[in-house]
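All remarks here apply to the structure that follows.
The values are calculated or read from the model by the stated rules, or taken from the named source; none is laboratory data. On a predicted model such as this, the values are computed, not experimentally measured, just so you know. Here the Cβ is made from the backbone with ideal geometry for all residues, glycine too, and neighbour counts use every protein chain on show. The area values use the complete protein model at the heavy-atom level, side chains included, leaving out ligands, DNA and RNA. Shrake-Rupley method; radii C 1.70, N 1.55, O 1.52, S 1.80 Å.
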Amino acid sequence: MELPITLAQVEEARRNIKGVALRTPLVRCNTDVPENLYLKLENLQPIGSFKIRGAMNVMALTARERLARGVLTASAGNMAQGVAFCARRMGVPATIVAPDTAPSAKISSVERMGGRVIKVPFAEWWRTFETRSYPGVDATFIHAFDDPHVMAGNGTIALELLEDLPDLEAVVIPWGGGGLSCGIGSVLRTLVPHVKIYAAEIETAAPLAASLAAGEPRMVEYQPSFVDGIGSKTVFPGMFAHAQKLLDGSLVVTLKEAASAMKLVAERNRVIVEGASACAVAAALSGRAASGKIVAIVSGGNIDLDKFAQLVAQA
(Lines give C-alpha, C1' and ligand atoms only; values in the text may rest on other atoms or scores of the structure.)
Protein backbone atom coordinates (compact mmCIF):
# COMPACT_ATOMS: atom_id res chain seq x y z
CA MET A 1 0.00 0.00 0.00
CA GLU A 2 1.43 3.39 -1.01
CA LEU A 3 0.93 5.81 1.87
CA PRO A 4 0.90 9.62 1.69
CA ILE A 5 3.97 9.92 3.94
CA THR A 6 6.82 7.69 5.07
CA LEU A 7 8.05 6.85 8.53
CA ALA A 8 11.35 8.55 7.70
CA GLN A 9 9.49 11.83 6.98
CA VAL A 10 7.70 11.61 10.32
CA GLU A 11 10.92 10.92 12.20
CA GLU A 12 12.49 13.94 10.47
CA ALA A 13 9.47 16.02 11.45
CA ARG A 14 9.91 14.99 15.05
CA ARG A 15 13.39 16.46 15.02
CA ASN A 16 12.20 19.61 13.28
CA ILE A 17 9.46 20.43 15.79
CA LYS A 18 11.40 19.58 18.94
CA GLY A 19 11.52 22.54 21.28
CA VAL A 20 8.49 24.17 19.64
CA ALA A 21 5.69 21.61 19.84
CA LEU A 22 5.16 19.72 23.09
CA ARG A 23 5.18 15.99 23.56
CA THR A 24 1.63 15.94 24.88
CA PRO A 25 0.35 13.55 27.58
CA LEU A 26 -1.91 10.56 27.03
CA VAL A 27 -4.35 10.20 29.92
CA ARG A 28 -7.15 7.80 30.71
CA CYS A 29 -10.60 9.30 30.38
CA ASN A 30 -12.25 8.86 33.77
CA THR A 31 -15.31 7.00 32.52
CA ASP A 32 -16.69 3.61 33.49
CA VAL A 33 -17.79 2.72 29.96
CA PRO A 34 -15.67 2.30 27.98
CA GLU A 35 -13.16 1.70 30.75
CA ASN A 36 -10.14 1.87 28.45
CA LEU A 37 -10.69 5.20 26.72
CA TYR A 38 -7.63 7.45 26.54
CA LEU A 39 -7.29 11.12 25.59
CA LYS A 40 -4.31 12.47 23.63
CA LEU A 41 -4.22 16.05 24.90
CA GLU A 42 -3.14 18.19 21.95
CA ASN A 43 -5.13 21.02 23.50
CA LEU A 44 -2.09 21.54 25.75
CA GLN A 45 0.11 22.71 22.87
CA PRO A 46 1.33 26.34 23.09
CA ILE A 47 -1.42 27.37 20.67
CA GLY A 48 -4.03 25.01 22.13
CA SER A 49 -4.03 22.75 19.07
CA PHE A 50 -2.07 20.05 17.22
CA LYS A 51 -1.64 22.39 14.23
CA ILE A 52 1.66 23.68 15.57
CA ARG A 53 3.27 20.36 14.58
CA GLY A 54 2.55 20.60 10.86
CA ALA A 55 3.10 24.34 10.64
CA MET A 56 6.51 24.13 12.29
CA ASN A 57 7.63 21.18 10.17
CA VAL A 58 6.78 22.96 6.90
CA MET A 59 8.53 26.14 7.95
CA ALA A 60 11.60 24.25 9.14
CA LEU A 61 11.87 22.63 5.71
CA THR A 62 11.32 25.87 3.73
CA ALA A 63 14.32 27.83 2.49
CA ARG A 64 14.98 30.95 4.53
CA GLU A 65 14.87 33.23 1.50
CA ARG A 66 11.35 32.01 0.71
CA LEU A 67 10.22 32.45 4.30
CA ALA A 68 11.51 36.02 4.32
CA ARG A 69 8.63 37.01 1.98
CA GLY A 70 6.19 35.74 4.59
CA VAL A 71 3.79 32.84 4.92
CA LEU A 72 0.14 32.49 3.98
CA THR A 73 -2.48 29.97 5.02
CA ALA A 74 -6.25 29.46 4.89
CA SER A 75 -7.76 28.47 8.21
CA ALA A 76 -10.82 28.77 10.40
CA GLY A 77 -8.59 29.26 13.41
CA ASN A 78 -6.23 26.54 14.59
CA MET A 79 -3.85 26.33 11.61
CA ALA A 80 -3.98 30.11 11.56
CA GLN A 81 -2.66 30.14 15.12
CA GLY A 82 -0.05 27.51 14.34
CA VAL A 83 1.31 29.46 11.38
CA ALA A 84 1.19 32.80 13.22
CA PHE A 85 2.97 31.35 16.26
CA CYS A 86 5.77 29.79 14.22
CA ALA A 87 6.08 32.84 11.98
CA ARG A 88 6.53 35.12 14.98
CA ARG A 89 9.12 32.73 16.38
CA MET A 90 11.03 32.79 13.09
CA GLY A 91 10.64 36.54 12.56
CA VAL A 92 8.58 36.45 9.36
CA PRO A 93 5.16 37.96 8.52
CA ALA A 94 2.05 35.78 8.42
CA THR A 95 -1.20 36.35 6.54
CA ILE A 96 -4.31 34.31 7.28
CA VAL A 97 -7.35 33.93 5.02
CA ALA A 98 -10.27 33.03 7.29
CA PRO A 99 -13.96 32.37 6.65
CA ASP A 100 -16.37 34.99 7.92
CA THR A 101 -17.81 32.31 10.23
CA ALA A 102 -14.49 31.87 12.09
CA PRO A 103 -14.84 32.23 15.87
CA SER A 104 -13.68 35.55 17.26
CA ALA A 105 -11.61 33.88 20.01
CA LYS A 106 -9.39 32.16 17.44
CA ILE A 107 -9.09 35.25 15.23
CA SER A 108 -8.16 37.42 18.21
CA SER A 109 -5.46 34.93 19.17
CA VAL A 110 -3.96 35.09 15.66
CA GLU A 111 -3.90 38.89 15.78
CA ARG A 112 -2.23 38.88 19.20
CA MET A 113 0.54 36.80 17.67
CA GLY A 114 1.03 39.41 14.95
CA GLY A 115 -0.80 37.62 12.13
CA ARG A 116 -2.76 39.63 9.55
CA VAL A 117 -6.27 38.22 9.07
CA ILE A 118 -8.33 38.56 5.87
CA LYS A 119 -11.93 37.45 6.44
CA VAL A 120 -13.84 36.30 3.35
CA PRO A 121 -17.08 34.43 2.54
CA PHE A 122 -16.92 30.65 3.00
CA ALA A 123 -16.84 29.86 -0.74
CA GLU A 124 -13.95 32.26 -1.34
CA TRP A 125 -12.11 30.83 1.66
CA TRP A 126 -12.52 27.29 0.32
CA ARG A 127 -11.14 28.35 -3.08
CA THR A 128 -7.95 29.46 -1.34
CA PHE A 129 -7.29 25.82 -0.46
CA GLU A 130 -7.60 24.93 -4.13
CA THR A 131 -5.55 27.80 -5.58
CA ARG A 132 -2.98 27.82 -2.74
CA SER A 133 -2.74 31.58 -3.07
CA TYR A 134 -4.61 34.80 -2.40
CA PRO A 135 -4.69 37.88 -4.67
CA GLY A 136 -2.16 40.49 -3.68
CA VAL A 137 -0.28 38.31 -1.18
CA ASP A 138 3.20 37.22 -2.31
CA ALA A 139 4.05 34.65 0.34
CA THR A 140 4.78 30.95 0.80
CA PHE A 141 1.48 29.11 1.09
CA ILE A 142 1.16 26.53 3.87
CA HIS A 143 -1.75 24.20 3.23
CA ALA A 144 -3.65 23.28 6.37
CA PHE A 145 -3.93 19.60 5.45
CA ASP A 146 -3.05 18.66 1.84
CA ASP A 147 0.72 18.78 2.27
CA PRO A 148 3.00 15.81 3.05
CA HIS A 149 5.13 17.91 5.42
CA VAL A 150 2.04 18.99 7.36
CA MET A 151 0.89 15.37 7.53
CA ALA A 152 4.35 14.28 8.65
CA GLY A 153 4.24 16.80 11.48
CA ASN A 154 0.84 15.46 12.49
CA GLY A 155 2.16 11.91 12.24
CA THR A 156 4.50 12.57 15.17
CA ILE A 157 1.41 12.19 17.37
CA ALA A 158 1.24 8.51 16.36
CA LEU A 159 4.86 7.93 17.38
CA GLU A 160 4.03 9.26 20.84
CA LEU A 161 0.88 7.14 21.05
CA LEU A 162 2.77 3.94 20.34
CA GLU A 163 5.43 4.80 22.91
CA ASP A 164 2.83 5.47 25.60
CA LEU A 165 0.25 2.81 24.69
CA PRO A 166 1.83 0.16 22.46
CA ASP A 167 -1.18 -2.16 22.75
CA LEU A 168 -3.77 0.37 21.61
CA GLU A 169 -6.56 -1.13 19.50
CA ALA A 170 -8.34 1.86 17.97
CA VAL A 171 -7.87 5.58 17.39
CA VAL A 172 -10.62 8.14 16.72
CA ILE A 173 -9.51 11.34 14.99
CA PRO A 174 -11.48 14.51 14.16
CA TRP A 175 -11.79 14.91 10.37
CA GLY A 176 -11.46 18.44 9.05
CA GLY A 177 -9.44 18.42 5.86
CA GLY A 178 -7.87 15.06 6.64
CA GLY A 179 -4.28 16.04 7.39
CA LEU A 180 -4.46 14.86 11.01
CA SER A 181 -6.16 11.55 10.19
CA CYS A 182 -3.86 10.78 7.28
CA GLY A 183 -0.71 11.75 9.17
CA ILE A 184 -1.54 9.56 12.16
CA GLY A 185 -3.00 6.87 9.92
CA SER A 186 0.14 6.57 7.80
CA VAL A 187 2.30 5.83 10.85
CA LEU A 188 -0.16 3.37 12.36
CA ARG A 189 -0.65 1.48 9.08
CA THR A 190 3.14 1.20 8.80
CA LEU A 191 3.89 0.06 12.34
CA VAL A 192 0.65 -1.52 13.67
CA PRO A 193 -1.57 -2.24 10.65
CA HIS A 194 -4.15 -4.12 12.75
CA VAL A 195 -5.16 -1.01 14.72
CA LYS A 196 -8.56 0.41 13.80
CA ILE A 197 -8.51 4.04 12.63
CA TYR A 198 -11.71 6.07 12.51
CA ALA A 199 -12.49 9.63 11.54
CA ALA A 200 -15.03 11.57 13.58
CA GLU A 201 -17.44 14.05 11.98
CA ILE A 202 -20.35 16.20 13.08
CA GLU A 203 -23.85 15.67 11.67
CA THR A 204 -24.07 19.23 10.36
CA ALA A 205 -21.07 18.81 8.04
CA ALA A 206 -20.01 15.22 7.36
CA PRO A 207 -18.69 14.97 3.78
CA LEU A 208 -16.28 12.11 4.46
CA ALA A 209 -18.97 9.70 5.64
CA ALA A 210 -21.08 10.52 2.57
CA SER A 211 -18.07 10.18 0.26
CA LEU A 212 -16.98 6.84 1.72
CA ALA A 213 -20.51 5.51 1.32
CA ALA A 214 -20.62 6.65 -2.31
CA GLY A 215 -17.07 5.57 -3.16
CA GLU A 216 -16.21 9.05 -4.45
CA PRO A 217 -16.12 12.63 -3.13
CA ARG A 218 -19.60 14.01 -2.56
CA MET A 219 -21.03 17.40 -1.69
CA VAL A 220 -23.10 17.73 1.48
CA GLU A 221 -25.06 20.52 3.11
CA TYR A 222 -22.89 22.57 5.49
CA GLN A 223 -24.40 24.16 8.59
CA PRO A 224 -22.13 26.26 10.84
CA SER A 225 -22.16 25.24 14.50
CA PHE A 226 -20.02 25.38 17.64
CA VAL A 227 -18.01 22.57 16.02
CA ASP A 228 -15.95 25.02 13.97
CA GLY A 229 -12.62 23.19 13.73
CA ILE A 230 -13.94 20.47 11.41
CA GLY A 231 -16.62 20.15 8.77
CA SER A 232 -16.98 21.36 5.21
CA LYS A 233 -19.08 20.85 2.10
CA THR A 234 -16.85 18.26 0.44
CA VAL A 235 -13.59 16.31 0.62
CA PHE A 236 -10.49 17.07 -1.44
CA PRO A 237 -10.07 14.22 -4.00
CA GLY A 238 -6.48 13.55 -2.97
CA MET A 239 -7.34 13.41 0.71
CA PHE A 240 -10.29 11.15 -0.04
CA ALA A 241 -7.98 8.70 -1.83
CA HIS A 242 -5.74 8.64 1.25
CA ALA A 243 -8.74 8.14 3.55
CA GLN A 244 -9.93 5.14 1.55
CA LYS A 245 -6.57 3.46 2.13
CA LEU A 246 -6.04 4.43 5.73
CA LEU A 247 -9.36 4.63 7.55
CA ASP A 248 -11.83 2.04 8.74
CA GLY A 249 -14.69 4.49 8.45
CA SER A 250 -16.11 7.79 9.64
CA LEU A 251 -18.21 7.98 12.81
CA VAL A 252 -20.75 10.80 12.67
CA VAL A 253 -22.03 12.27 15.94
CA THR A 254 -24.81 14.71 16.77
CA LEU A 255 -24.40 18.19 18.20
CA LYS A 256 -26.00 16.93 21.40
CA GLU A 257 -23.49 14.08 21.67
CA ALA A 258 -20.59 16.47 21.08
CA ALA A 259 -21.80 18.88 23.78
CA SER A 260 -22.30 16.00 26.21
CA ALA A 261 -18.74 14.82 25.53
CA MET A 262 -17.44 18.33 26.27
CA LYS A 263 -19.23 18.26 29.59
CA LEU A 264 -18.06 14.75 30.47
CA VAL A 265 -14.39 15.51 29.83
CA ALA A 266 -14.65 18.76 31.81
CA GLU A 267 -16.30 16.99 34.74
CA ARG A 268 -14.20 13.83 34.81
CA ASN A 269 -10.78 15.07 33.63
CA ARG A 270 -11.00 18.83 34.20
CA VAL A 271 -10.03 19.38 30.56
CA ILE A 272 -11.51 21.96 28.17
CA VAL A 273 -12.06 20.57 24.67
CA GLU A 274 -13.37 22.38 21.61
CA GLY A 275 -16.12 21.03 19.38
CA ALA A 276 -13.89 19.10 16.98
CA SER A 277 -12.19 17.28 19.84
CA ALA A 278 -15.54 16.56 21.44
CA CYS A 279 -16.63 14.77 18.26
CA ALA A 280 -13.76 12.30 18.60
CA VAL A 281 -14.57 11.71 22.26
CA ALA A 282 -18.29 11.31 21.52
CA ALA A 283 -17.59 8.84 18.72
CA ALA A 284 -15.35 6.79 21.00
CA LEU A 285 -17.99 6.83 23.73
CA SER A 286 -20.65 5.60 21.30
CA GLY A 287 -19.25 2.07 21.25
CA ARG A 288 -18.88 2.08 17.46
CA ALA A 289 -15.09 2.33 17.38
CA ALA A 290 -13.92 -0.94 18.93
CA SER A 291 -13.52 -2.76 22.18
CA GLY A 292 -10.28 -2.62 24.12
CA LYS A 293 -7.95 0.33 24.40
CA ILE A 294 -9.24 3.31 22.41
CA VAL A 295 -7.59 6.71 21.97
CA ALA A 296 -9.57 9.84 21.14
CA ILE A 297 -7.41 12.60 19.71
CA VAL A 298 -8.21 15.82 21.58
CA SER A 299 -7.11 17.97 18.67
CA GLY A 300 -7.62 21.32 20.37
CA GLY A 301 -9.20 23.33 23.15
CA ASN A 302 -9.68 26.71 21.49
CA ILE A 303 -13.25 27.59 22.28
CA ASP A 304 -14.69 30.83 23.61
CA LEU A 305 -15.14 30.26 27.35
CA ASP A 306 -18.59 31.85 27.46
CA LYS A 307 -19.72 29.53 24.66
CA PHE A 308 -18.13 26.57 26.40
CA ALA A 309 -19.93 27.38 29.66
CA GLN A 310 -23.24 27.72 27.82
CA LEU A 311 -22.85 24.40 26.01
CA VAL A 312 -21.80 22.53 29.14
CA ALA A 313 -24.65 24.01 31.15
CA GLN A 314 -27.19 22.94 28.52
CA ALA A 315 -25.75 19.45 27.91
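Partners of Lys256 within straight-line reach, counting aspartates and glutamates whose Cα lies under 19 Å from its Cα and excluding those fewer than 8 residues away in the same chain: Glu201, Glu203, Glu221, Asp228, Glu267, Glu274, Asp304, Asp306.
In order along region 133-142, the Karplus-derived 3J(HN,Hα) couplings, from 6.51 cos²θ - 1.76 cosθ + 1.60 at θ = phi - 60°, round to 6, 9, x, x, 10, 9, 8, 6, 7, 10 Hz, and Gly and Pro are given as x. Relative to the longest principal axis of the Cα atoms of the chain, helix 148-164 runs at roughly 30 degrees.
In this structure the amide hydrogen of Val253, modeled in the peptide plane, comes within under 5 Å of the amide hydrogens of Glu201, Ile202, Glu203, none closer than 5 places in sequence on its chain. Less than 5 angstrom separates the built amide H of Val71 from those of Ala94, Thr95, Thr140, all sequence-distant by 5 or more or on a different chain. Taking amide hydrogens as placed 1.01 Å from N in the peptide plane, the amide H of Ala144 sits under 5 Å from those of Ala74, each at least 5 positions away in sequence or on another chain.
Ordering 273-280, 259-266 by mean Cβ neighbour count within 10 Å, with the highest value first, yields 273-280, 259-266.
Using the C-alpha atoms of region 108-246, what convex hull volume per residue, in cubic angstrom, is computed? Show your work: numbers first, answer last.
Working: hull volume 19.2 nm³, N = 139.
Taking the convex hull of the Cα positions in region 108-246, it is 138 Å³ per residue.
Taken about its Cα centre, region 156-263 carries a charge dipole of roughly 300 debye when the Cβ of each Lys and Arg holds +1 and the Cβ of each Asp and Glu holds -1. Secondary structure note: in the chain, about 15% of the DSSP beta bridges are antiparallel.
Give me the net charge of Val192's neighbourhood, meaning all other residues with Cβ under 15 Å from the Cβ of Val192; Lys, Arg count +1, Asp, Glu -1.
Numbers: positive: Arg189, Lys196, Lys293; negative: Glu160, Glu163, Asp164, Asp167, Glu169, Asp248.
So the surrounding residues net to -3.
Rolling a 1.4 Å probe over the protein heavy atoms gives region 53-208 an accessible area of 33 Å² per residue.
Taking the convex hull of the Cα atoms, report for region 138-191 its projected area averaged over all directions, in nm². Write out the running numbers ahead of the final one.
Working: hull surface 16.3 nm².
Taking the Cα atoms of region 138-191, their convex hull projects to 4.1 nm² on average.
Could you state, as a whole-number percent, how many of the C-alpha pairs of region 184-243 are farther apart than 18 Å? It would help to have the intermediate numbers written out before the result.
On the way: 722 of 1770 pairs.
For region 184-243, the fraction of Cα-Cα distances above 18 Å is 41 percent.
Highest-first packing order for the peptide set 68-74, 153-159 is 153-159, 68-74, based on the mean count of other beta carbon atoms within 10 Å. Take the Cα of Lys233, step 7 Å toward its Cβ, do the same at Asp100, and the gap between the two points is 1.4 nm.
Across region 115-127, computed HN-Hα scalar couplings (Karplus, 6.51 cos²θ - 1.76 cosθ + 1.60, θ = phi - 60°) run x, 8, 10, 10, 8, 9, x, 3, 4, 5, 4, 5, 5 Hz from first to last residue, x flagging Gly and Pro. If R0 is taken as 41 Å, the Cβ-Cβ distance between Leu22 and Glu216 corresponds to a FRET efficiency of 0.60.
What do you get for Rg/Rh of region 41-123 when both radii come from the Cα atoms and Rh is the Kirkwood radius? For region 41-123, the value is 0.96.
What is the magnitude of the charge dipole of region 243-315 about its Cα centre, with +1 placed on the Cβ of each Lys and Arg, -1 on the Cβ of each Asp and Glu, and no other charges, expressed in debye to the nearest 20? Each step should come with its number before you reach the end.
Working: 8 positive and 6 negative charges, 47 e Å.
For this selection, approximately 220 debye.
Note on region 272-315: with neighbouring protein chains present and a 1.4 Å probe, carbon and sulfur make up 51 percent of its accessible heavy-atom surface. Considered as an equivalent ellipsoid built on the Cα gyration tensor, the chain has semi-axes of 27, 22, 19 Å, the largest given first. Calculated mean residue ellipticity at 222 nm for the chain: -13500 deg cm²/dmol, from DSSP H runs with n ≥ 4 weighted as -39500 (n - 2.57), summed, divided by the residue count and rounded to 500. Determine the alpha carbon to alpha carbon distance for each of Lys18/Lys196; Lys18/Lys51; Lys106/Lys293; Lys18/Lys233 and list only those over 26 Å. Where the Cα-Cα span goes over 26 Å, the pairs concerned are Lys18/Lys196; Lys106/Lys293; Lys18/Lys233. Charge dipole of the chain (Cα centre as origin; +1 on each Lys and Arg Cβ, -1 on each Asp and Glu Cβ, all else neutral): 720 debye, rounded to the nearest 20. Between Ser286, Thr128, Thr254, the Cα set farthest toward the positive side of the dipole of the chain (charges on each charged residue's Cβ, about the Cα centre) is that of Thr128. The separation of region 262-312 from region 14-35, counted between C-alpha centres, amounts to 14 Å.
Rolling a 1.4 angstrom probe over region 208-271 with all protein chains present gives an accessible area of which 50% lies on carbon and sulfur atoms. Judged by the ratio a/c of the largest to the smallest principal axis of the C-alpha gyration tensor, region 1-146 counts as prolate, that ratio being 1.5 or greater while a/b is larger than b/c.
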